[in-house]
Amino acid sequence: MRHRILAASLGVLICCGFAAGKDKKRVLLPDDVLEARTVLVVIDPDAGISPESPNANRAARENVEQALMKWGRFELVTDVSSADLVITVRKGNGKMAQPTIGGIPQNNRPIIFQPTESGGRAGGSRGTPPTSGDPTAPRNSDPIPQVEVGPRDDMFVVYRGKRENALEAASVWRYSGKGALNSPEVPAVDAFHKLIVEAEKQQNSHP
């Protein structure tokens, strides 16, 4: 009888421990990501140019930048060394494999300035030495035909910035979906916005 009571007590403790572990909420976003205030948006360096829609990735990047400016939380910057976060975008076309043109730099941009309600956005190089692995650094390469295999849907991936080879590290968050980078809604940015709001609520509930 005594052994049965002991076994039953251990079973209750195990169940309680399992329930406590199950109820413990997963951290949605780490503190350094919630503290981020600068962001660099680039086309995924592995993405080629589609002969059918040669400007698709550039348009997706512009859509994301405009949505971020409308949100107003982040300042858009032009290099990894000054970006708290780096966001890569890649337009999908519903196919797992498609012919594209590789070897063409898509993240080199001239110096521009766009006035906005929240201040403005500068684009292009600031003359600072590029960080190793910076996707905006000038590259000399020749166009090559290739078959690109990847996700069918739009991709939006967030990495930590201010480091070398930022895109080779583990990503902070990923979002994929059909039309996720389309304007004017830009669902990927909207989902990231909602995630940050929820993460901040979670952070404030555990001071």
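Below is a table of values for the structure above.
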read-out: Count of the stretch 159-185 residues which are aliphatic (A, V, I, L, M), out of contact with any helix residue (DSSP H, G or I) (no Cβ under 8 Å at 6 or more places or on another chain) and surrounded by 13 or more Cβ atoms within 10 Å (Cβ to Cβ); value: 2
read-out: Failed item, numbered, when Ser176 is tested on (1) under 21 Å from Glu75 (Cβ atoms); (2) at pLDDT 95 or above; value: (1)
read-out: Among (1) surrounded by 15 or more Cβ atoms within 10 Å (Cβ to Cβ); (2) at pLDDT below 85; (3) touching a helix residue (DSSP H, G or I) at 6+ places or on another chain (Cβ under 7 Å), the one test that Thr116 misses; value: (1)
read-out: Considering residues of the stretch 39-50 that are of a type outside the set (A, V, I, L, M, F, W, C) and in contact with a strand residue (DSSP E or B) (Cβ under 7 Å, 6 or more places away or on another chain) only, the residue nearest to Phe156 (Cα to Cα); value: Asp44
read-out: Positions within the stretch 171-185 being touching a residue at least 24 places away in the same chain (Cβ under 8 Å), of a type outside the set (A, V, I, L, M) and closer than 16 Å to Val39 by Cα, in sequence order; value: Trp173
read-out: Restricting the stretch 186-207 to residues that are acidic (Asp, Glu) and surrounded by 13 or more Cβ atoms within 10 Å (Cβ to Cβ), the residue that is farthest from Leu34 (Cα to Cα); value: Asp190
read-out: Test for Ala36: is it modelled with pLDDT of 90 or more, part of a loop (DSSP other than H, G, I, E, B), out of contact with any helix residue (DSSP H, G or I) (no Cβ under 9 Å at 6 or more places or on another chain) and not hydroxyl-bearing (Ser, Thr, Tyr); value: yes
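The values are calculated or read from the model by the stated rules, or taken from the named source; none is laboratory data. Please read all numbers here as calculations on a predicted model, not as lab measurements. Quick reminder, even Gly has a Cβ in these numbers, built from the backbone with ideal geometry, and neighbours come from all protein chains shown.
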